[in-house]
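S.K.: Let me begin by handing over the structure; questions about it come next.
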Amino acid sequence: MLPLPALPVEPSVLLLWMDLVGIFIFGLTGGTLAVRHKLDIFGVLVLAMACALAGGVLRDLLIGAVPPATFRDERYLWSALASGVVAFFAHHWIERLSRPVMVLDALGLGIFAVAGCQKALAYGLAPLPAALLAVITGIGGGVVRDVLVSEVPRVLREEIYAVAALLAAIIVIAGSRLDLPDAPVAAAAVAAAFVLRLVSVWRNWSAPRAPWS
Amino acid sequence: MLPLPALPVEPSVLLLWMDLVGIFIFGLTGGTLAVRHKLDIFGVLVLAMACALAGGVLRDLLIGAVPPATFRDERYLWSALASGVVAFFAHHWIERLSRPVMVLDALGLGIFAVAGCQKALAYGLAPLPAALLAVITGIGGGVVRDVLVSEVPRVLREEIYAVAALLAAIIVIAGSRLDLPDAPVAAAAVAAAFVLRLVSVWRNWSAPRAPWS
Amino acid sequence: MLPLPALPVEPSVLLLWMDLVGIFIFGLTGGTLAVRHKLDIFGVLVLAMACALAGGVLRDLLIGAVPPATFRDERYLWSALASGVVAFFAHHWIERLSRPVMVLDALGLGIFAVAGCQKALAYGLAPLPAALLAVITGIGGGVVRDVLVSEVPRVLREEIYAVAALLAAIIVIAGSRLDLPDAPVAAAAVAAAFVLRLVSVWRNWSAPRAPWS
């Protein structure tokens with residue numbers, strides 16, 4: 001048996017907490033959707049965990065932080081598992097939110113985009129690749145969730161989605177350039193992505209379709 | 001041209017054989033499903049190979065054993081290719097099994113869960129992450145297969161599936177803690193997962209759905 | 001912040017250009033399909049980029065060139081982005097090609113298969129694994145594209161597809177064994193795959209289906 005290879009950059013406490021909260025939120029969306037699809041308890045747990053953990057695992061594979069944090073720190077698993085259990089027993093309350101999957105998904109999108117961008121910058125990626133990685137981290141869980149239940153992922157169907165993740169990334173990158181403190185910048189970026197996404201849905205904003213299509 | 005990077009842990013003979021047998025079994029499920037979908041010989045080979053190799057490749061990416069064993073040892077490819085050829089020419093006999101895809105899939109699930117767990121432990125993962133990796137390795141090939149033919153993966157639809165992989169992982173982890181010899185523990189774990197899965201299908205066990213769903 | 005880890009092999013100029021052109025071509029197929037599915041500008045950009053970048057990212061993950069070139073060299077992103085913008089505004093002209101997605105996809109398939117094979121050989125893979133990696137790189141973008149819009153990937157549905165990528169790989173491997181210069185071999189291999197794929201579609205070649213299926 002082998003010790004795990006050391007990480008080139010230790011994760012900050014802020015990143016750890018964003019990951020744990022983002023995992024829980026995204027897991028709730030997967031679990032809620034699974035309950036709606038009449039899956040049993042095990043199907044709910046699998047979909048919740050897949051959707052909670054996919055974005056972060058993909059991020060860590062792409063920046064070379066292997067094994068991913070999910071396999072290094074057991075709190076990741078407990079957070080994902082808890083989200084599935086909560087979705088299973090509390091979906092009755094979750095469904096009282098208007099459009100709960102959309103609202104929770106918007107929050108998870110913002111949190112994971114910020115976490116993806118911070119970790120990418122810490123691993124030395126340039127701003128543009130870091131923004132791409134932020135978008136991938138943000139949308140990853142939702143894409144896996146929607147593909148697994150055979151739906152076209154909402155990142156393709158809905159107007160302001162990847163753009164919300166991109167906005168979060170731009171704020172994080174600007175904050176890092178200006179040497180602003182991490183935590184307030186992260187909070188502002190999550191809030192900006194979340195609000196932009198929700199307002200776009202509530203106001204029914206639409207983006208242009210191709211001319212002559 | 002470059003020599004391949006050395007692996008931190010040389011694979012054991014037991015792991016190699018489990019991989020080769022698991023690849024062949026999983027390839028048969030993909031090939032059989034492809035024949036049922038009326039795919040031609042090339043479609044059969046592609047689906048057989050994708051489904052044979054996906055779980056192990058994913059496992060090796062996640063533990064950092066890169067390039068994955070599939071790209072280091074040509075026997076992996078020959079086993080996957082052979083499974084596609086056999087499925088193409090012998091599907092008539094395979095179909096005489098009652099529900100052949102389900103039965104073969106149950107066996108592959110057990111073998112890959114055990115192989116995934118052993119390799120994860122050898123690479124230094126803690127028990128809980130090793131169990132998650134075992135489940136991912138076990139279900140990976142089947143998820144890829146079902147998504148490629150646009151079906152909801154059976155890990156989401158069927159009651160006792162991920163749980164069977166988890167049972168195999170628990171037996172391997174317990175055996176490793178108790179310093180029992182690898183081969184009999186592996187055999188017991190594969191058998192336990194296989195039997196649990198089959199019995200659950202034959203007895204039509206069902207897991208609870210969410211209350212008020 | 002951390003400097004990016006050095007690559008074990010610097011990419012050749014030929015490989016860089018094949019990657020950039022292949023990305024643009026594959027992105028056009030994704031963008032064109034997105035316009036047909038009536039997606040808005042953001043959906044078009046996301047599908048174009050996913051499909052442009054997926055094959056190369058997967059290739060680099062599998063050979064251990066991490067972070068993948070896409071996250072090291074901003075030209076990859078600009079090429080992918082440009083393909084989406086062009087597909088959005090010029091789809092009217094693109095559609096004048098007979099079966100534009102198929103034709104562009106055939107060209108991208110050849111280019112990426114050759115790029116995948118060359119990079120795999122440079123990283124020390126043996127010929128057979130290099131050929132498998134070539135096929136994965138060639139088909140990766142198209143599989144992602146088709147799965148995201150809930151279609152069965154064309155690599156499974158169409159007779160001569162993976163085989164065209166394999167032909168390109170065989171030519172590259174033979175050229176490398178015979179120490180022929182890279183650029184003409186690459187051109188011949190791309191042309192062979194492209195022509196084989198187009199002719200098979202135009203002549204409606206079909207491969208055998210399983211007996212008694």
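S.K.: Please return the longest stretch of chain B lacking exposed loop sites, where chymotrypsin sites (Phe, Trp or Tyr not before Pro) count only if DSSP places them in a loop and at most 16 other Cβ atoms lie within 10 Å. Mind showing how you got there, number by number?
M.R.: Working: sites that count: B:TRP205, B:TRP212.
The answer is B:1-204.
S.K.: Before I look further, what does region C:39-150 give for accessible area per residue, probe 1.4 Å, in whole square angstrom?
M.R.: With all protein chains present, region C:39-150 gives 26 Å² per residue.
S.K.: Within 10 Å, at most 15 other Cβ atoms, and a DSSP state outside H, G, I, E, B define an exposed site. Report the longest part of chain A free of exposed trypsin sites (Lys or Arg not before Pro). Can you show the working numbers first?
M.R.: Numbers: sites that count: A:LYS38, A:ARG96, A:ARG203.
Maximal segment without exposed cleavage sites: A:97-202.
S.K.: Now for a different question. What does the net charge come to around C:LEU53 if you take all other residues with beta carbon closer than 14 Å to its beta carbon, with K and R at +1 and D and E at -1? Intermediate values should be presented prior to the final figure.
M.R.: Numbers: positive: C:ARG59, C:ARG72, C:ARG75, C:ARG145; negative: C:ASP19, C:ASP60, C:ASP73, C:GLU74.
With Lys, Arg at +1 and Asp, Glu at -1, the net is 0.
S.K.: Tell me the accessible surface of B:SER79 in square angstrom (1.4 angstrom probe, heavy atoms of protein chains only), to the nearest ten.
M.R.: Near enough 20 Å² of accessible area.
S.K.: Show me you know the interface measure: the accessible area buried between B and C, both chains summed, probe 1.4 Å, in Å² to the nearest 100. Kindly include the intermediate steps, with their values, before the conclusion.
M.R.: On the way: alone 10910 and 10890 Å², together 18910 Å².
Approximately 2900 Å², summed over both chains.
S.K.: Heavy atoms only, probe 1.4 Å: what % of the accessible area of region B:8-159 goes to carbon and sulfur, would you let me know? Walk me through the numbers on the way to the answer.
M.R.: Numbers: 3220 of 4490 Å².
Within region B:8-159, the accessible surface is 72 percent carbon and sulfur.
S.K.: Which of rounded, prolate, oblate describes the protein assembly as shown, given a ≥ b ≥ c as roots of the alpha-carbon gyration tensor eigenvalues and a/c under 1.5 marking rounded, otherwise prolate only if a/b is larger than b/c?
M.R.: Rounded, since a/c falls under 1.5.
S.K.: Counting partner chain Cβ atoms within 10 Å of every residue's Cβ in C:146-155, what's the average?
M.R.: Values: counts 2, 7, 7, 3, 7, 1, 6, 8, 1, 6.
For peptide C:146-155, the averaged partner shielding equals 5.
S.K.: Treating only the Cβ of Lys, Arg, Asp and Glu as charged (+1, +1, -1, -1), what charge dipole size does the protein assembly as shown show about its Cα centre? Round to the nearest 20 debye. Let's see the in-between values first.
M.R.: Values: 45 positive and 42 negative charges, 279 e Å.
Here the size comes out at about 1340 debye.
S.K.: Right, next: Just the Cα atoms of region C:1-130, one point each, no solvent: what log10 I(q)/I(0) does Debye give at q = 0.09, 0.11, 0.15, 0.16 Å⁻¹?
M.R.: Treating every Cα as an identical point scatterer, log10 I(q)/I(0) equals -0.27, -0.40, -0.69, -0.77.
S.K.: Separate question: What are the label-to-label distances in nm, one decimal and shortest first, from C:VAL13 to the same spot in the other copies, with labels 7 Å along Cα to Cβ?
M.R.: So the distances to the same position in the other copies read 5.3, 5.3 nm.
S.K.: Placing +1 at every Lys and Arg Cβ and -1 at every Asp and Glu Cβ, with all other atoms neutral, what dipole size does chain C have around its Cα centre, in debye to the nearest 20? Walk me through the intermediate numbers first.
M.R.: Values: 15 positive and 14 negative charges, 102 e Å.
Rounded to the nearest 20 debye, it is 480 debye.
S.K.: Also, quick follow-up: Ignore the peptide's own chain and count Cβ atoms of other chains within 10 Å of each Cβ in C:33-44; give me the average, rounded. Could the numbers behind the result be given before it?
M.R.: On the way: counts 0, 3, 5, 2, 4, 4, 9, 10, 6, 11, 12, 6.
Average neighbour count from other chains, rounded to a whole number: 6.
The values are calculated or read from the model by the stated rules, or taken from the named source; none is laboratory data. It should be emphasised that the depicted structure is a prediction, and the values quoted were computed from it without experimental measurement. Methodologically, a virtual Cβ is constructed for each residue, glycine included, from the backbone with ideal geometry; neighbour enumeration extends over all protein chains shown. Only protein heavy atoms, including side chains, enter the accessible area calculation; ligands, DNA and RNA are left aside. Shrake-Rupley method; radii C 1.70, N 1.55, O 1.52, S 1.80 Å.
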